[in-house]
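Chemist: So that we are looking at the same thing, I have put the structure below in structure tokens.
The values are calculated or read from the model by the stated rules, or taken from the named source; none is laboratory data. Predicted model only: the values in this text are computed from it and were never measured. Using ideal geometry, Cβ is built from the backbone for each residue, glycine included, and neighbour counts are taken over all protein chains shown.
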Amino acid sequence: MRYLTAPFSLLLVLALLAGCTGYRPAPPAFHEALYQPYLLDAGDRLRITVFDQDNLTNTYSVDQAGYISFPLVGSVPARGKTAKQVEALVAQQLRGGYLRDPDVTVEIDRYRPIFVMGEVGGPGQYDYVPGMTVQKAIAAAGGFTARANQTNVDVTREINGQVMTGRVLTSDPLLPGDTVYVRERFF
């Protein structure tokens, strides 16, 4: 009986240590999303300029349903589209009886926010800035607490309509709408 206990104890300790290993890379699609064109979603604010039409040039927000409300044409679908695609849609709808040849440009005025939770000084919602990394987001959230695991964090991201969570290093880039969760360290 004593001979069976030692190997079993060793296997139990190895199983526990395997569950406590630190860095587990995120799925490939998680990082591939960083190199795809930016897709609009609720919370993004767009600067739409219609050349020679000052009354139409303004900032417009993508609502919770994924649309922008644009004068003359009404609701324009924006969720899941690039800024160039929205530009083409607005121009096409303006051509439908409002303007002969509209010159429309769409720029992202403000990206949707990111969220930082867990072992940080001030968990909450923060403005996304292009080029933001996990480390910069944590700094904006008041830095790590004394109990924080400072090596890697969990990031939740929506990719092609599917929500994925991956463990990433603090030097990894973020995307608008990401949620960063800083775990507590074990020791």
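Chemist: Under the condition of being modelled with pLDDT of 95 or more and more than 12 Å from the chain's Cα centre (by Cα), which residue from the range 155-182 is farthest from Ala29 (Cα to Cα)?
Modeler: Selected residue: Val182.
Chemist: Right, something else. Can you pull out every residue in the range 140-164 that is among the hydrophobic types (A, V, I, L, M, F, W, C), surrounded by fewer than 16 Cβ atoms within 10 Å (Cβ to Cβ) and farther than 18 Å from Glu32 by Cβ?
Modeler: Result: Ala146, single match.
Chemist: Right, something else. Given Phe144, Phe187, which one is modelled with pLDDT under 95 and either aromatic (Phe, Trp, Tyr) or not assigned by TED's automatic domain parsing to the domain that holds Pro27 (or both)?
Modeler: Phe187
Chemist: Quick one: would you say Ser75 is modelled with pLDDT of 95 or more, of a type in the set (Gly, Ala, Ser) and out of contact with any Phe, Trp or Tyr (no Cβ under 6 Å at 6 or more places or on another chain)?
Modeler: no
Chemist: Would you mind telling me which numbered condition in (1) surrounded by 14 or more Cβ atoms within 10 Å (Cβ to Cβ); (2) in a strand (DSSP E or B); (3) not hydrophobic (A, V, I, L, M, F, W, C) Arg112 fails?
Modeler: (2)
Chemist: In addition: Please go through the range 31-83 and give me each residue that is of a type in the set (A, V, I, L, M), within 19 Å of Arg112 (Cβ to Cβ) and part of a loop (DSSP other than H, G, I, E, B), ordered by number. Show your work before the answer.
Modeler: Restricting attention to the range 31-83, the residues satisfying the condition of being of a type in the set (A, V, I, L, M) are 33-34, 39-40, 42, 46, 48, 50, 56, 62, 65, 68, 72-73, 76, 78, 83.
Right, trim to within 19 Å of Arg112 (Cβ to Cβ) and you get 33-34, 39-40, 42, 46, 48, 62, 65, 68, 76, 78, 83.
Scanning the range 31-83 gives Leu39, Leu40, Ala42, Val62, Ala65, Ala78.
Chemist: Could you say which residue among Ala65, Ala78, Ala42 is surrounded by 19 or more Cβ atoms within 10 Å (Cβ to Cβ) and either of a type in the set (Lys, Arg) or under 21 Å from Leu175 (Cα atoms) (or both)?
Modeler: Ala78
Chemist: Of the conditions (1) surrounded by fewer than 18 Cβ atoms within 10 Å (Cβ to Cβ); (2) touching a strand residue (DSSP E or B) at 6+ places or on another chain (Cβ under 8 Å), Pro130 fails just one. Which one is it?
Modeler: Result: Pro130 fails condition (2) only.
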